[in-house]
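Asker: The structure that follows is given in the form of structure tokens.
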Amino acid sequence: MSRASRTRPSGSSAALSEAYDTALLDLDGVVYAGGQAIDHAVDALGTARDGGMHLAYVTNNALRTPAAVAEHLTELGVPTESADVITSAQAVARLVADQLPPGARVLVIGGEGLRVALRERGLEPVESADDDPVAVVQGYGGPDLAWGRFAEAAYAINRGLPWFASNTDLTIPSARGIAPGNGAAVEVVRIATGAEPQVAGKPLPPMHRETVLRTGAERPLVVGDRLDTDIEGAFNGEVDSLLVLTGVADAAQLLAAGPEHRPTYVDADLRGLLTGQPEVTRTGATHGCGGWTASVQGEGLALEGDGDALDGLRALCGAAWSHAGDGSCGLDAGKALARLGL
């Protein structure tokens, strides 16, 4: 079934860690949140790795260097080399380097990960609009990024300099909840300048290109928690995806997803890598999974049966996506999701 026409999550008789050679894992909201490992992540990743699956970590967070990310993952109990980490800082640095001469001075609005990535591409990071930069690059700078950094970006962009952004995620998961992401900071600069940046991160092609170049994956599976970056990025790259419900996306958003935001598989957390995925069947207008059946009744989604809540959610996805076709499902799913505890 083509990704554009997917009307229900796919099934897999084999464990996903066996069906795919490489997991392209998002970090925030998938492996950890607020610096702490998400429940079951460490054990699940260890088992997948021991079974022969290559684990690569693909993040839109441009703040930290790959070495720092790898060190953090190793401390959490997930042994990782810096070469296993691909960041939007690396993707945007390649995008900039493709358009500027070696040694070009670039105004950096962000953290150390962005500076390191630019230097690796032979570019010179600078801190002020008065340091004669020829471009502006913006990436996530963390909660302590000074407001004055946005002013520096605005000064330079308003002088006509090209503007690049690592990513435009509006939010980022943290231990205390959902916080503003780089996309929110990009909006500040956009409002001050009226300009539009060139963006590298998920779900756009520069990030997919960077990931393919660095991992060499032949049968990749994108694993993420966001529909608008991870899952859409997999859709754009024409590869399969697994959505885990440990971060930004929730069940209601999943049911409303348009074609580009519909994952191949859905699971609660990273333990989903270690199992097969149950098939969602269709009989007429009714979709079934496990002990559940779902259908459209009037202006809402109806759910019957019993069993694993995730199977119920998968059945609901089938009913919702089939009803929506190439659009987004606006049916009321409140009662059905409440019955599942979702």
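Asker: Tally up the residues in the range 152-192 that are closer than 18 Å to Val96 by Cβ, free of Cβ contacts under 8 Å to residues at least 40 places away in the same chain and part of a strand (DSSP E or B), please.
Answerer: Residues meeting the conditions: 1.
Asker: Next up: Can you spot a residue in the range 126-136 that is of a type in the set (A, V, I, L, M, F, W, C) and in a helix (DSSP H, G or I)? Before you say what the answer is, go through the steps one by one.
Answerer: First pass over the range 126-136, keeping only residues of a type in the set (A, V, I, L, M, F, W, C): 126, 129, 134-136.
Next, from what is left, pick out any that are in a helix (DSSP H, G or I): none.
Within the range 126-136, not a single residue is of a type in the set (A, V, I, L, M, F, W, C) and in a helix (DSSP H, G or I).
Asker: Output the residue which, of all residues in the range 260-296 that are touching a His at 6+ places or on another chain (Cβ under 8 Å) and within 21 Å of Asp332 (Cα to Cα), is surrounded by the most Cβ atoms within 10 Å (Cβ to Cβ).
Answerer: Ala294
Asker: Next question, about the same structure. Considering only the range 57-91, state which residues are part of a helix (DSSP H, G or I), in contact with a Ser or Thr (Cβ under 6 Å, 6 or more places away or on another chain) and among the small types (Gly, Ala, Ser).
Answerer: Step one: list which residues in the range 57-91 are part of a helix (DSSP H, G or I), which gives 66-76, 82-84, 88-91.
Imposing the further condition that a residue be in contact with a Ser or Thr (Cβ under 6 Å, 6 or more places away or on another chain) reduces the set to 66-67, 70, 73-74, 88-89.
Listed by number, the residues that qualify are Ala67, Ala70, Ser88, Ala89.
Asker: Condition first: touching a helix residue (DSSP H, G or I) at 6+ places or on another chain (Cβ under 6 Å), over 27 Å from Arg49 (Cβ atoms) and small (Gly, Ala, Ser). Now tell me which residues in the range 228-270 satisfy that.
Answerer: Ala251, Ala257
Asker: Could you give me the residue pairs with C-beta distances under 6 Å whose first residue belongs to the range 68-82 and is outside the structural domain of His40 (by TED's automatic domain parsing), whose second residue is part of a loop (DSSP other than H, G, I, E, B) and surrounded by 13 or more Cβ atoms within 10 Å (Cβ to Cβ) wherever it lies, and which are 6+ apart or on separate chains?
Answerer: Ala70/Thr80; Leu73/Thr80; Thr74/Thr80
Asker: Sort through Asp308, Asp326 and tell me the only one that's without any contact (Cβ under 8 Å) to a residue 24 or more places away in the chain, assigned by TED's automatic domain parsing to the domain that holds Val244 and either out of contact with any Gly (no Cβ under 8 Å at 6 or more places or on another chain) or not basic (Lys, Arg) (or both).
Answerer: Asp308
Asker: Let me ask something else. For the condition hydroxyl-bearing (Ser, Thr, Tyr) and either under 24 Å from Ala93 (Cα atoms) or in contact with an Asp or Glu (Cβ under 6 Å, 6 or more places away or on another chain) (or both), what is the one hit in Thr283, Thr264, Thr275?
Answerer: Thr264
Asker: Got a sec? Which of Arg94, Arg105, Arg121 is more than 19 Å from the chain's Cα centre (by Cα), touching a residue at least 12 places away in the same chain (Cβ under 8 Å), surrounded by fewer than 24 Cβ atoms within 10 Å (Cβ to Cβ) and farther than 17 Å from Ala200 by Cα?
Answerer: From the options Arg94, Arg105, Arg121, the qualifying one is Arg105.
Asker: With the condition kept exactly as written, say whether any residue in the range 10-24 is in the same structural domain as Arg262 (by TED's automatic domain parsing), more than 25 Å from Gly237 (Cα to Cα) and either modelled with pLDDT under 95 or assigned to a helix (DSSP H, G or I) (or both). Let's see the steps before the verdict.
Answerer: Filtering the range 10-24 down to residues in the same structural domain as Arg262 (by TED's automatic domain parsing) leaves 10-24.
Applying the additional criterion that residues be more than 25 Å from Gly237 (Cα to Cα) yields none.
No, the conditions are met nowhere in the range 10-24.
Asker: Only one of (1) aliphatic (A, V, I, L, M); (2) at pLDDT 95 or above; (3) closer than 22 Å to Ala97 by Cα is not met by Met207, so which one is it?
Answerer: With respect to (1) aliphatic (A, V, I, L, M); (2) at pLDDT 95 or above; (3) closer than 22 Å to Ala97 by Cα, Met207 is out only on (2).
Asker: Here is a further query. Residue by residue through the range 289-342, note down the ones that are of a type in the set (D, E, K, R) and under 25 Å from the mean Cα position of the chain (by Cα).
Answerer: Step one: of the range 289-342, the residues of a type in the set (D, E, K, R) are 299, 304, 306, 308, 311, 314, 326, 332, 335, 339.
Passing the criteria: Asp311, Arg314, Asp326.
The values are calculated or read from the model by the stated rules, or taken from the named source; none is laboratory data. Bear in mind the structure is a predicted one, so any value in this text is a computation, not a measurement. Reconstructed Cβ throughout: ideal geometry from the backbone, glycine too, with neighbour counts over all protein chains shown.
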